[in-house]
Amino acid sequence: MVIKTAEFVKSSGKWQECPEPTIPEYAFIGRSNVGKSSLINAMMNRKDLAKTSGTPGKTQLINHFIINENWYLTDLPGYGYAKVSKVKRKDFEKLITNYILERRNLVNLFILVDARHTPQKIDLEFIEWCGESGIPFSIVFTKADKLKPNVVIKNVEDYKTELQKTWADLPEIYVTSAEKKEGGDEILKFIEKTNDFLIQNSVNFNE
Ligand code: GTP
Ligand code: MG
C-alpha cells in the first residue's frame with residue numbers, strides 16, 4: 001500500500017469519544033514498551049506521528065490516525081504496566097476492553113509481542129480473551145533487530161507451539177523491526193487486502 005497521507009485525528013479517554021466508526025479500523029495493542037507507537041511510525045514512514053518513549057506507559061489514551069483518508073490506524077495504551085497504581089491499571093484495562101468489545105468498525109487487532117521473550121502469561125491471557133470474545137487478531141513480533149535471525153525464528157516457533165496448546169488454527173504472524181523498518185509492509189498488505197474485501201462486499205459500519 002502506498003501511504004499518501006497519515007494524519008493524527010484525536011486522543012480519546014473513552015471508547016465513546018473515539019471518532020465516528022464509519023471507516024475500517026485496525027488497532028495496535030500489547031504490553032507497555034513493546035513498540036506499538038514505533039511500529040506505527042515506521043509503517044507510516046514518519047518520525048513522530050505516534051509519540052514514543054523509552055519509559056513504559058507513554059501512550060495512555062486511544063490515539064486515532066487516519067490513513068489515506070479511508071482507514072483508521074489506532075495506537076492503544078499498553079497493558080500490564082506495573083508502575084501505575086492498581087486502580088489506574090484497572091482503568092486502563094477497562095478502557096482497552098470496552099474499546100475492543102464496543103468498537104464496531106474494528107476489523108483486526110494486531111497484538112504486539114517482544115520477539116526477545118518467551119511467551120508471557122499476560123500476553124497469552126490477553127490472546128485467550130480475544131479468542132473467547134471473538135475478536136479477529138494477528139500476532140506481531142517486535143524488535144527483531146535485537147536478535148540474531150536464527151534466534152528470532154526459534155522464538156517464533158516456540159510461540160506457535162505454545163499457542164497450539166490452546167488453538168487449532170494459528171493466527172497470522174508478522175515479524176517486524178521498527179528500527180530497521182522491516183515487516184510493516186506485510187501488515188500494510190494485509191490491511192489493503194482486507195479493505196478491498198470490505199469494499200467488494202459493501203460492508204457498511206453504520207448499522
Ligand atoms: P507505550 O506507549 O508505553 O505502551 O509503549 P509502546 O509500545 O508504544 O513502545 P514505543 O514505541 O514507545 O517503544 C518503546 C521503546 O522501544 C523505545 O525506546 C523504542 O525506541 C524502542 N523500540 C521500539 N521498537 C523497536 C525496534 O523495532 N527495535 C529496537 N531496537 N527498539 C525499538
Ligand atoms: Mg506507545
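None of the figures in this text is laboratory data; all of them are computed from the coordinates on show. Source: prediction; values computed, not measured. So basically every Cβ, Gly included, is an ideal-geometry build from the backbone, and we count neighbours across all protein chains shown.
Using helices alone, what [θ] at 222 nm do you get for the chain, with -39,500 (n - 2.57) per DSSP H run of 4 or more residues, divided over all residues and rounded to the nearest 500? One gets -11000 deg cm²/dmol as the mean residue ellipticity at 222 nm. Taking a straight Cα-Cα cut-off under 13 Å and skipping sequence neighbours fewer than 8 places away in the same chain, the aspartates and glutamates within cross-link reach of K189 are E172.
Taking 30 Å as R0, compute the FRET efficiency from the Cβ-Cβ separation of F197 and K51 and round it to 0.05.
0.40
Annotation: lysines with alpha-carbon distance below 20 angstrom to K51 (same-chain offsets under eight excluded): K10, K14, K36, K83, K143, K180, K181. Within the shell of other residues whose beta carbon sits under 14 angstrom from the beta carbon of P149, the net charge comes to +3, with Lys and Arg scored +1 and Asp and Glu -1. The per residue volume of the convex hull around the alpha-carbon atoms of the chain is 121 Å³. Counting 0.36 nm for each residue step from T161 to K86 and taking away their Cα separation leaves a gain of 23.8 nm.
With 0.36 nm allotted per residue and the present C-alpha distance subtracted, the K4-T118 stretch has 37.3 nm of extension available. With the simple spin-label model, which puts each label point 7 Å out from Cα in the Cβ direction, the E102 to K148 separation comes to 4.9 nm.
For the stretch 66-145, the list of GluC sites (Glu not before Pro) that fall in a loop by DSSP and count at most 16 other C-beta atoms within 10 angstrom reads E69. For the chain, the antiparallel share of DSSP beta bridges with both residues in that region comes to about 40%. Residue ranges 103-110, 177-184 sort as 103-110, 177-184 when ordered by packing (mean number of other C-beta atoms within 10 Å per residue, highest first).
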